[in-house]
Amino acid sequence: MESQYVYQKKRADFGRHPLFFDRMAEIQVDIDTNEDDRDDYMVRNPVHAGVQAVVQLSEHYANTDTFETSTKHINHVEGGWPKDINAADMEATSRFRKKTEKDENYSKTIISLGERVEKVIRQNNAIDIYEEYFTDAGIIPTVDEPPRVSTVNLFRDPAGKGARSAINIAWHPDGGKHAAVSYGSVGFQKSLKDLESYVWNVENSKKPLITLRPRSSVLCMEYNPKDSNIILGGQFSGQVCIWDLRKNSPAPTDITAAEVSHRDPCHSALWIQSKTGTDFFSSSTDGTVKWWDTRKLSEPVEELILDPTKQLNPNAALGAICLEYEPTMPTKFMVGTEQGTIIICNRKGKTPADKIAALYQSYSGPVNTIARNPLYPKMFLTVGEWTNRIWSEDIRDSAIVTMKNSRYHTAAARWSPTRPAVFFTAKSDGSIDIWDLMVKQAQPTLNINVSDAPLCSMRVTDNGNLVAAGDRNGNVTLLSLNDALTELQKDEKAFCNFLFERETRREKVLEARNRELRLKEKQKNKPKIVEEDTQEEPTDDPLTDIATELSTVLAAEKKKHPLLERQFSFEIDQPVEDDEEEPQAE
């Protein structure tokens, strides 16, 4: 049944403003109950009803304008250079620029464009854009913040505490988001069952981002600077392997053949600046350095034997522990050996002997790390035994700066990429020393206790704000540096330039003085040798012959034992005065 009620209104009242007023309730419809349905009615007990235990909200809508989004891409080529030219390589850009300037079309284009831009250039030159308008206001003093280091995260080896050591760390080239860590044993001939290495996300320390399973323990790892999906690894077996992270496989994508690889463990492998980005070189304690191409790992491209005598004798080669390569000097590299010698090599030498350019005798033990200063490439830092030294390529006899010996062994060292006066050293007591040459030179500016176990490795990000340190128990500690340790300080470049030049000049003066003293002493001893070589004519008298033979033996013994003839001098490279009387032979 449909209920209807008709509201009646006159035509004249249409559109009139309504006047509402209160009125009593009226019954419009009254429907009687149906008696036939009463028998079908049943009382339900209990009654199940749903209750919403939240705030009741009314349904509402709002009319808003639709915001449409779209995804667009742009192809940006840095600096306008061709794809095969690396904008960071000064030699490649200079060579390409000279080649372009010789083109006839280039000269014609420059002449035609010069007429168009001449007016604009004159307008720009009419205004001094470097004028300072507030010279009288003074400089706002900056707040000197003390150096501070804080722990960000801790990454534990999934194999278990103490099973392996974090022996190498490699940062992702695009920033400090990912870090590849290789694990192994530093014990003598200690075999491991767990050979995995991991790629960690710095924000997640619970689980590795990627697991890498090599055939042998990995001693070193490096990201490809041109393709961050490629990781290079040097193995304990002497082989070198490549991982392509895009294939989602823990096994190496490619590996060098055992018969052409190193005979001893490969301790260091680095990528080389090239157009293709596929070239790298590796070193081992077997005394060889080998160059490879990832497109053909069946055999090395080139090989160098680290023989200091330049005779290319494998038996006399020095075992390599670490490598150092600067992309701005693509043909030069440095090798630190286990005998304590630093070798500077030039790959473009005409003969294999010419490739060994210079030798530096730095330590009596292995050279653990070599690092060039990012602002002054001729200055490099070395770490070995219990001390740190700064060298100049122009001085080969001694280091220009030698730090005080530490009580603990130093395992690794790195320069700060943003501050040329700051470097970091990792020690066997589980701490990191931060050296700031602008503040102190005799002792570290800051000492940070990182772990209870000895540190094995350390690496700094390219922006210099994060430091990762690995210890003997397989833990990797991530440290964050404040602005006092990452931002370039006032007059820091001038200070470093003055310091390095002063120490280099001082060492050159000392070297020249020592050379002069050695020459004088050689000339002073020359007449004695002539007198001793002068022999009297033989005589028939036997007593005379015995006396002559006795004097010859005594002279030879004096040469073997200088203490019989002179006082022992503790001053190095100082001439010994001959004023004292010679001891009489009894």
- Query: Which of the residues belonging to the stretch 379-418 are of a type in the set (A, V, I, L, M) and in a loop (DSSP other than H, G, I, E, B)?
  - Reply: 395, 399, 400, 403
- Flag for residue 32 being assigned to a loop (DSSP other than H, G, I, E, B), modelled with pLDDT of 80 or more, of a type in the set (D, E, K, R) and surrounded by fewer than 10 Cβ atoms within 10 Å (Cβ to Cβ): yes
- Please state which of the following conditions residue 310 fails to meet, knowing it meets all the rest: (1) within 20 Å of residue 225 (Cβ to Cβ); (2) assigned to a loop (DSSP other than H, G, I, E, B). (1)
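Among the residues of the stretch 289-303, write down those that are in a strand (DSSP E or B) and of a type in the set (Lys, Arg).
290, 296
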- Message: Could you check the stretch 449-477 and list, in sequence order, the residues that are crowded, with 20+ Cβ neighbours inside 10 Å and of a type in the set (A, V, I, L, M, F, W, C)?
- Response: 450, 455, 456, 458, 460, 466, 467, 468, 469, 476
- Could we say that residue 280 is in contact (Cβ under 8 Å) with a residue 40 or more places away in the chain, more than 21 Å from residue 348 (Cα to Cα), of a type in the set (A, V, I, L, M, F, W, C) and crowded, with 20+ Cβ neighbours inside 10 Å here? no
- Task: Look through the stretch 85-103, keep the residues that are surrounded by 10 or more Cβ atoms within 10 Å (Cβ to Cβ) and part of a loop (DSSP other than H, G, I, E, B), and return whichever of them is farthest from the chain's Cα centre (by Cα).
- Result: 103
- Picking from 17, 60, the residue that is modelled with pLDDT of 80 or more and exposed (fewer than 10 other Cβ atoms within 10 Å of the Cβ) would be 17
- Query: Does at least one position in the stretch 66-76 carry a residue that is closer than 30 Å to residue 97 by Cβ, exposed (fewer than 10 other Cβ atoms within 10 Å of the Cβ) and among the β-branched types (Val, Ile, Thr)?
  - Reply: yes
- Conditions (1) free of Cβ contacts under 8 Å to residues at least 60 places away in the same chain; (2) out of contact with any helix residue (DSSP H, G or I) (no Cβ under 8 Å at 6 or more places or on another chain) -> residue 273 fails only (1)
- Task: Only residues in the stretch 80-100 that are farther than 20 Å from residue 331 by Cβ count as the first member; pair them with residues that are in a helix (DSSP H, G or I) and modelled with pLDDT of 80 or more, Cβ under 9 angstrom, at least 6 apart or cross-chain, and list the lot.
- Result: 81/92; 81/93; 81/96; 82/96; 100/106
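The values are calculated or read from the model by the stated rules, or taken from the named source; none is laboratory data. Fair warning: this is a prediction, and the values are worked out from it, not measured in the lab. Backbone-built Cβ (ideal geometry, glycine too); neighbour counts: all protein chains shown.
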